[in-house]
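The values are calculated or read from the model by the stated rules, or taken from the named source; none is laboratory data. Just so you know, these numbers come straight off a predicted model, no measurement behind them. Virtual Cβ from ideal backbone geometry, glycine too; neighbours counted across all protein chains shown.
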Amino acid sequence: MMNEKLKAFGELLGIMDELREKCPWDKKQTLKSLRKLTIEETYELGDAILQNDLDEIKKELGDLLLHIVFYAKIGSEKNAFDIGDVIQSLNEKLKYRHPHIYGDVDVDNARQVEQNWEALKLKEKGRKKNTVLEGVPASLPALVKANRIQEKASGVGFDWEKPEQVWDKVKEEVNELQHEINSDNKEKVEAEFGDLFFALVNAARLYEIDPEAALEKTNLKFIGRFNYLESQTLAKGKDLKEMSLAEMDKYWDEAKKLEN
């Protein structure tokens, strides 16, 4: 079985070499030109995971693997690194950050593993920075970034002792937001909305909910219900803009029932 996997990977590397030499499109690609495509492929994988489409997940993983091999090929052309270097670096990092498996450290649960992981990252040699929040890309979407920031802070012990304690913070942020809304200060209202979102993301994390996945499921649910509302309206020769909210609610409730 292992030989078959290695053979398949070796064939992929051979194909990459050939494409880079003979294909006009592949020949002109750079690290920078591939970046936006890699981001797109990552989101496509995320969509497939949310849909629990295992066949599509397999295909999207292949697309991402192609990008990894592509980056490594370009790195080898620059005499900077090759795919072997990439894999060996990963092997060494995984062993170093799992001392409870490859060393003499004892852990009782996954949370201790996370805390050890973050602590070991700060001790690694050759790192450009040694701060807890390093490694959180500036270009991450704000919701995902908030979650990663909180996970990293939690990894070094900066966290609530019990999940239920977070709700006092959420209530505090709701009250502060309401105060600023009453004051009609848009700039402060925006800031308080941000604080409230951040607190809710923290709550989701503490209850082991991925806030990005949760919000996307709600987005898809809303799209499905609204599309039903729109289709039923058009089927009756009506215009949404001409309908009352009560009429819209009727179709909205129908869509909810159909989901169940």
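So which of 19, 90, 31 ends up being under 22 Å from residue 121 (Cα atoms), among the aliphatic types (A, V, I, L, M) and outside the structural domain of residue 124 (by TED's automatic domain parsing)?
Among 19, 90, 31, only 90 is under 22 Å from residue 121 (Cα atoms), among the aliphatic types (A, V, I, L, M) and outside the structural domain of residue 124 (by TED's automatic domain parsing).
Per-residue answers, yes or no, for (1) surrounded by fewer than 13 Cβ atoms within 10 Å (Cβ to Cβ); (2) closer than 24 Å to residue 51 by Cα; (3) polar (S, T, N, Q); (4) in contact with a Lys or Arg (Cβ under 7 Å, 6 or more places away or on another chain):
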| residue | (1), (2), (3), (4) |
| --- | --- |
| 185 | no, no, yes, no |
| 195 | no, no, no, no |
| 201 | no, yes, no, no |
| 237 | yes, no, no, no |
| 245 | yes, no, no, no |
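Which of the residues spanning the range 81-115 are among the aliphatic types (A, V, I, L, M) and surrounded by 11 or more Cβ atoms within 10 Å (Cβ to Cβ)?
The answer is 83, 86, 87, 94, 101, 105, 107, 113.
I'm trying to understand the selection: among the residues of the range 44-74, which are exposed (fewer than 12 other Cβ atoms within 10 Å of the Cβ) and farther than 24 Å from residue 8 by Cβ?
Hits for the range 44-74 are 51, 52.
Just to verify a result, which residue in the range 153-179, among those that are outside any loop (DSSP other than H, G, I, E, B), touching a helix residue (DSSP H, G or I) at 6+ places or on another chain (Cβ under 6 Å) and modelled with pLDDT under 95, is farthest from residue 111 (Cα to Cα)?
Here the residue is 163.
Give the residues of the range 204-255 that are basic (Lys, Arg), part of a helix (DSSP H, G or I) and not assigned by TED's automatic domain parsing to the domain that holds residue 151, sorted by residue number.
217, 221, 225, 241, 250
Would you mind telling me which numbered condition in (1) at pLDDT below 95; (2) out of contact with any helix residue (DSSP H, G or I) (no Cβ under 7 Å at 6 or more places or on another chain) residue 23 fails?
Among (1) at pLDDT below 95; (2) out of contact with any helix residue (DSSP H, G or I) (no Cβ under 7 Å at 6 or more places or on another chain), the lone unmet condition for residue 23 is (1).
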